[in-house]
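Only the coordinates and a few stated rules stand behind these numbers; no lab work does. Everything quoted here is computed from the prediction, not taken from an experiment. Here the Cβ positions follow ideal geometry from the backbone for every residue, glycine too, while neighbour counts run over all protein chains shown.
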Amino acid sequence: MIDIPAELAATQQLYNGDKGRQFIAGLPSLVADFLERWELRPDGSPMHGVTALVLPVLRRADGTPAVLKLQLLDEESAGEPVALRAWDGDGAVRLLDHDPDTHTMLLERLDPTRMLSTLPGTRDAVLVIAGLLAHLTAGPAPAGIRRLGDIAHAMLDETPGALRRIPDPQTRRTLADCAAAVREVADEPGDRLLHWDLHDENVLAAGRAPWLAIDPKPLAGDPGFELWPALHNRYDPDETLWRFDAMTDTLGLDRARARAWTLGRLLQNALWDIEDGRPIQERQLEIAHRLRTPGA
């Protein structure tokens with residue numbers, strides 16, 4: 001029997017309602033099915049993020065450590081196995097098996113106790129993320145991956161209505177400027193394979209490499225859309241421009257385009273906040289302000 005973490009059950013109910021409750025109810029039998037089908041045995045307590053159950057396992061045939069990842073299929077996670085196959089372990093966790101019907105994956109086991117967030121130096125952590133992104137965004141996205149261009153144009157369509165719901169004029173101006181920046185680059189969205197969510201708790205230590213990325217939400221687009229999480233991690237306002245410059249230098253990005261796509265990430269986050277009735281985080285507005293300052 002597998003104990004389903006209560007926190008995972010709560011987030012599934014919060015974000016997915018009846019569908020989430022059905023997913024949680026079916027997890028024990030789903031786990032049992034894949035332990036038998038892929039000849040695995042449990043090797044530790046279940047772990048979880050916001051949406052997925054991750055169970056440490058051993059392959060019965062040879063004792064290889066791995067993890068079984070079970071999650072509801074959604075727009076963001078649909079491309080995960082496709083991206084992991086494309087990367088084939090270069091900068092990311094390696095996919096060992098995949099069931100397309102249930103979206104269940106068998107992944108190589110990394111070290112969940114050693115996230116990049118445990119690295120003392122924030123500048124060192126930013127450089128690790130930049131180095132990983134250089135590998136992950138080096139090639140074009142496979143067919144079928146959702147496209148940044150579609151997301152950008154959808155955001156621009158939503159912006160006028162969202163702005164009318166913001167009472168503070170300065171915040172309104174900030175988001176209008178972000179939309180204007182996105183509008184300049186939206187018709188050239190790029191075609192690289194993007195991780196989209198490379199924050200410092202989605203980077204784990206490994207035996208075969210110092211650090212590897214996990215949990216992608218893949219996109220086809222411009223690598224400039226990847227920089228926001230590293231600006232937001234362990235936030236330090238005075239480090240904003242250093243981090244931005246370090247990443248654009250490492251990735252060889254055009255600075256103006258990278259700034260526009262980074263402001264696009266603020267716009268994306270803000271539109272979600274507005275839709276859910278939440279205030280826009282001051283930290284995000286501060287990052288946008290620093291990137292928009294003349295000479296930045």
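The slack between Glu275 and Thr250, meaning 0.36 nm per residue of separation minus the straight C-alpha distance, is 5.5 nm. Can you give me the P(r) profile for segment 6-109? Cα pairs, bins 10 angstrom wide beginning at 0, each as a whole percent. Reading upward from the zero bin: 15, 47, 33, 5.
Listed values for segment 249-259 are Karplus-derived 3J(HN,Hα) couplings in whole Hz (6.51 cos²θ - 1.76 cosθ + 1.60, θ = phi - 60°), namely 5, 4, 8, x, 8, 5, 5, 5, 5, 4, 5, and x replaces Gly and Pro. Assuming charge only on the beta carbon of Lys and Arg (+1) and of Asp and Glu (-1), the dipole of the chain about its Cα centre is about 320 debye to the nearest 20. Taking amide hydrogens as placed 1.01 Å from N in the peptide plane, the amide H of Val57 sits under 5 Å from those of Asp43, Ala66, Val67, Leu68, each at least 5 positions away in sequence or on another chain. The label point for Trp242 and the one for Glu282, both projected 7 Å from the Cα toward the Cβ, are 2.3 nm apart. The stretch between Arg123 and Ala10, if pulled fully straight at 0.36 nm per residue, gains 37.2 nm over its current Cα-Cα span.
As a proxy for reagent exposure, Ser77, Ser45 were ordered by neighbouring Cβ count within 10 angstrom, fewest first; the result is Ser45, Ser77.
The amide H of Arg94, built 1.01 Å from its N in the peptide plane, has Glu108 as neighbours under 5 Å, considering only residues 5 or more places off or on other chains. Fewest-first ordering of Arg259, Arg59 by other beta carbons within 10 Å of each residue's beta carbon gives Arg59, Arg259. Whole-Hz Karplus values for segment 47-60 come out as 10, 7, x, 6, 10, 10, 9, 10, 10, x, 9, 10, 6, 5 Hz, taken residue by residue from phi with 6.51 cos²θ - 1.76 cosθ + 1.60 and θ = phi - 60°; glycine and proline positions read x. For segment 77-91, the Karplus equation 6.51 cos²θ - 1.76 cosθ + 1.60, evaluated at θ = phi - 60°, returns couplings of 8, 4, x, 4, x, 5, 5, 5, 5, 5, 6, 6, x, 7, x Hz by residue, with Gly and Pro reported as x. Can you give the log10 of the normalised intensity I(q)/I(0) at q = 0.13, 0.14, 0.16 Å⁻¹, computed with Debye over equal Cα scatterers of the chain? One equal scatterer on each Cα of the chain leads to -0.96, -1.10, -1.36. The longest stretch of the chain left intact once loop-based GluC sites (Glu not before Pro) with at most 13 other Cβ atoms within 10 Å are removed from consideration, loops following DSSP, is 76-296.
Length available on full extension from Thr293 to Gln170: 0.36 nm per residue minus the Cα-Cα distance, which gives 42.9 nm.
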